[in-house]
Amino acid sequence: MRFTALFLLWVGISTGQTGRPEERSRVEGRVLNAVNGQPIAKATVTLVRITATPGPDDWMRNYLIATDAKGNFAIADVEAGRYRLKVQRNGFLETEYGAHGSQKNGTVLDLEKPQKLEDVELRLTPYGVLTGRIVDADGEAVPGAQVQLLRSKYVNGKKVLALEKGAYTNDLGEYRMAGLVPGRYYVYAQEFEGPPTL
């Protein structure tokens, strides 16, 4: 009888523990324009997991949400793990939370233990757009001219001009290149005798 009573008590405690909900993290904040400080609506905020879940079916889970009219976002019910927080919006350079500039890695958020991150601020920089027109010595438009945007970079310790973006002029001799990060560029144009081959 004593053995049976102890067994039933153990079952009762075990059932009570498994019924508790698992605690998870929450990340909330705001997305702003880095130039004027205005909130950015409809920006896509992604919490990217950089550690796989344990077990035979390892997988990487991302959380994605759009900002509201005031630039606010909230990602709830985040599973334990390590994450990077990214944001993107048309007309702006994609960036990560804690990164010193675009196209650079940001801060890793350690959410292995449940916590609530509040007032996370993400600032998006509008990307640059370069437009222009190519004309000949008589001032007439040059269609089909190749336009290259070059930028100084170091390769194997040497400073070189590397291609950043390229475009061809239209029938009016006009060209346009978007998505440019802040910096100094050189513009190079070359006229072809015939239409360019792609």
- Message: Rounded to the nearest percent, how much of the accessible area of segment 41-136 (1.4 Å probe, protein heavy atoms only) is carbon and sulfur?
- Response: 47 percent
- Note on the structure: In nanometres, the difference between 0.36 nm per residue of separation and the alpha-carbon distance of N105 and L64 is 12.9 nm
- Let me know the volume per residue of the alpha-carbon convex hull for segment 34-147, in Å³. 169 Å³
- Message: Need the list of lysines near K113 for cross-linking: C-alpha distance under 27 angstrom, and skip anything on the same chain fewer than eight residues off.
- Response: K86, K104
- Note on the structure: Taking 0.36 nm per residue of separation between E191 and E121 and subtracting their Cα-Cα distance, the length gained on full extension comes to 20.5 nm
- Item | Total charge dipole magnitude, segment 110-151, about the Cα centre, Cβ charges on Lys, Arg, Asp, Glu only, Debye to nearest 20 | 60 debye
- Task: Any chance you could look up the accessible area of K159 with a 1.4 Å probe, heavy atoms only, rounded to 10 Å²?
- Result: 140 Å²
- Message: Suppose every Lys and Arg Cβ carries +1 and every Asp and Glu Cβ carries -1, with no other charges. What dipole size does segment 54-198 come out with about its Cα centre, to the nearest 20 debye?
- Response: 600 debye
- Check the straight Cα-Cα distances from K153 and name the aspartates and glutamates below 12 Å, setting aside those fewer than 8 residues away within the same chain. E164
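The values are calculated or read from the model by the stated rules, or taken from the named source; none is laboratory data. Only a predicted model underlies this, so the values are computations on that prediction, with no experimental measurement involved. Cβ atoms come from the backbone with ideal geometry, glycine included; neighbour counts cover every protein chain shown. Ligands, DNA and RNA are excluded from the accessible area calculation, which covers all protein heavy atoms including side chains. Shrake-Rupley method; radii C 1.70, N 1.55, O 1.52, S 1.80 Å.
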